[in-house]
Amino acid sequence: MSTPPWQFWLTLGLALMLSIIPLPYAYAAWNPDWVALVVILWTLYYPRRVGVGSAWIGGLLLDVMQGSLLGSQAMAMTLVGYLTVKFYLRMRVFPLGQQALAVAMFLTLYHFVLFWIEGVIGGPSPGLDRWYPIALGVVAWVPLQAAFRILWPRILKT
Amino acid sequence: MAIQSEQHRPLLLRGPSPGSRFLLLWVACILLMVLDHQQNQTQNIRAALSVATYPLQALVNMPFAVGKWAGESLSSRNTLLSENEELRSQVLQQQFQLQKLNALQVENTRLREMMRSAAEVAERILVAEIRSMDLDPYRHRMIINKGSRDGAYAGQAILDAYGVIGQITSAEPLTSRAILITDPSHATPVEINRNGIRTVALGSGDTRELNLPFLPNSTDIQVGDLLVSSGLGGQFPPGYPVGVVFEVLRDPGKNFATVRARPSAQLDRGRQVLLVWFGEPQRVRQATEEEVPE
């Protein structure tokens, strides 16, 4: 009852693939955090089945696939999952714009945790590039959320 | 499997509270990160998980593979013929150059023997494909599709047709993680090809730039100088192009010149890379014997 539905794993797989797809250098910095968006989306509408644990798994797989420090993205993703579980009731009734703002805040915190970890292990300080995926993530949220809400009742019937 | 209706459920979530789960998982993450960063003891976890994520990486790679296959099977006979001809002439030219090279190599070995220095001529090469590329400005990493099963090892040099790309940081059974020479935390021992001055090229976080911060103002270096790997440090085979200097600024107020170079390797394009075994002939032979038959 508390395991995520298979549709979640499907979208998580798609998100993982989108985040490692080889892009030209100029666009690579803009690639939104697909996994974080998928985690927020599912947690928002299925908080009983998708949440902190699934976010952790998604982040860990992302760590392995991108070759980043094992546990760093998992840590940031867990925070995103937790915040969404905490605020899902409020976020569901938000108008779309406000919801996108909340997503922007989650994504900013996600990047803050990553930035913090990089700082601790001695990485260089970031420039403006950090903000690009957040901006594009918010833009991507609107159609993603709409698509999810169209798909949602269909998933329920089958 | 259907997702059950959300009706007839209590408003509050059951089970351990998200807060406690969150704290537990964060502790797990911190443990993992400490192990990964300080002792590099997460090889097994990474290896197991990378086998699980391999299908996804293969799927991402598929459009490119299909595109290549389609391009090959759909190209017309004439194109193939002309390409074949071109390749033939290239092979001829290169064989001609190779003859000279062989003679030079023999001569070089002889001279080195006369000078009683160790000649490092034995090299073995394996073609690998890039599975994923992480070009975060502060972390230039990639994953390639050859792993410890193919004989790859941590610290192994990676080249492409034009120069040095980077080195493997950890080899998993099917894939390997590698760091690029432009990663800000990477340093490549180089020498100026023209006069043999040795220095270190640091990554800049930009795939089109390397920094050489340790050259005094009086150093003999010019725009257009070719930097080749010096082989010192034992990570990279000596003599391969690393970059070409495109800017030299000598500020009399500073101790060191500002020198910037463009990497010779095509770091931001191409999907094929070369893994190189070099050094003691014995080690190369060992790697050749261990190779898994295709």
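Read the figures in this text as sums done on the coordinates, not as results from a lab. As the structure is a prediction and not an experimental result, all values here were calculated from the model. Don't worry about glycine lacking a Cβ; one is built from the backbone with ideal geometry, like all the others, and counts go over all protein chains shown.
For B:Val190, the residues whose modelled amide H falls within less than 5 Å of its own, excluding neighbours fewer than 5 places apart on the same chain, are B:Thr199, B:Val200, B:Ala201, B:Ser230. With neighbours defined as other Cβ atoms within 10 Å of a residue's Cβ, the residues B:Leu49, B:Leu24 order from fewest to most as B:Leu24, B:Leu49. Rounded to the nearest 10 degrees, the angle from helix B:281-290 to the longest Cα principal axis of chain B is 40 degrees.
Putting +1 on Lys and Arg Cβ atoms and -1 on Asp and Glu Cβ atoms, find which of B:Val60, A:Leu60, B:Gln99 reaches farthest to the positive end of the dipole of the protein assembly as shown. It is A:Leu60, whose Cα lies furthest towards the positive end. Considering only alpha-carbon pairs that sit under 8 angstrom and 6 or more positions apart, the relative contact order computed for region A:10-133 is 26 percent. Placing +1 on each Lys and Arg Cβ and -1 on each Asp and Glu Cβ, with no other charges, gives chain B a dipole about its Cα centre of roughly 480 debye. Taking only C-alpha pairs under 8 Å that are 6+ residues apart, what is the relative contact order of region B:141-231 in percent? Answer for region B:141-231 is 22 percent. Along the axis of the charge dipole computed for chain A (Cβ charges of +1 for Lys and Arg, -1 for Asp and Glu, origin at the Cα centre), the listed residues A:Phe94, A:Leu79, A:Leu69 are led at the positive end by A:Phe94.
Each peptide among A:131-138, B:248-255 gets the average number of other Cβ atoms lying within 10 Å of its residues, and from highest to lowest they stand as A:131-138, B:248-255. Each residue of region B:136-153 is assigned a 3J(HN,Hα), and the resulting list reads 3, x, 10, 7, 9, 10, 8, 10, 10, 8, 10, x, 5, 5, 8, x, 5, 9 Hz, derived from the Karplus form 6.51 cos²θ - 1.76 cosθ + 1.60 (θ = phi - 60°), x at Gly and Pro.
Shielding value for B:131-144 is 6, the average number of Cβ atoms from other chains within 10 Å of each residue's Cβ.
A Gaussian network model of chain B, with springs between Cα atoms under 10 Å, assigns the largest mean-square fluctuation among B:Ala201, B:Ala65, B:Ala157 to B:Ala65. In plain terms, the residue of B:Thr79, B:Thr199 with the fewest other Cβ atoms within 10 Å comes first and the most crowded comes last, giving B:Thr79, B:Thr199. Here the Karplus curve 6.51 cos²θ - 1.76 cosθ + 1.60, taken at θ = phi - 60°, turns the phi angles of region A:143-149 into couplings of x, 4, 5, 4, 4, 5, 6 Hz, with x standing for Gly and Pro. Only Lys, Arg, Asp and Glu carry charge here, each on its Cβ (+1 for the first two, -1 for the last two); on that basis the protein assembly as shown has a dipole of about 1600 debye about its Cα centre.
Based on Cα contacts under 8 Å between residues 6+ apart, chain B shows a relative contact order of 16 percent.
The distance from the alpha carbon centre of region B:195-211 to that of region B:212-241 is 7 Å, rounded to a whole number.
Compared with the dominant principal axis of the Cα atoms in chain A, helix A:34-45 is inclined by about 30°.
Per-residue shielding of B:31-38, expressed as the average number of other chain Cβ atoms within 10 Å of the residue Cβ, stands at 5. For region A:36-158, a simple Cβ point-charge model (Lys and Arg +1, Asp and Glu -1, everything else neutral) yields a dipole of about 720 debye relative to the Cα centre. Across A:Val142, A:Val80, A:Val38, mean-square fluctuation computed from a Gaussian network of chain A (C-alpha pairs under 10 Å connected) peaks at A:Val142.
Note on A:6-18: average number of Cβ atoms from other chains within 10 Å of each residue's Cβ is 2.
Sorting B:Arg21, A:Arg48 by the number of Cβ atoms found within 10 Å of their own Cβ, with the fewest placed first, yields A:Arg48, B:Arg21. Taking chymotrypsin sites (Phe, Trp or Tyr not before Pro) across region B:223-278, none is in a DSSP loop with at most 13 further Cβ atoms lying within 10 angstrom of its Cβ.
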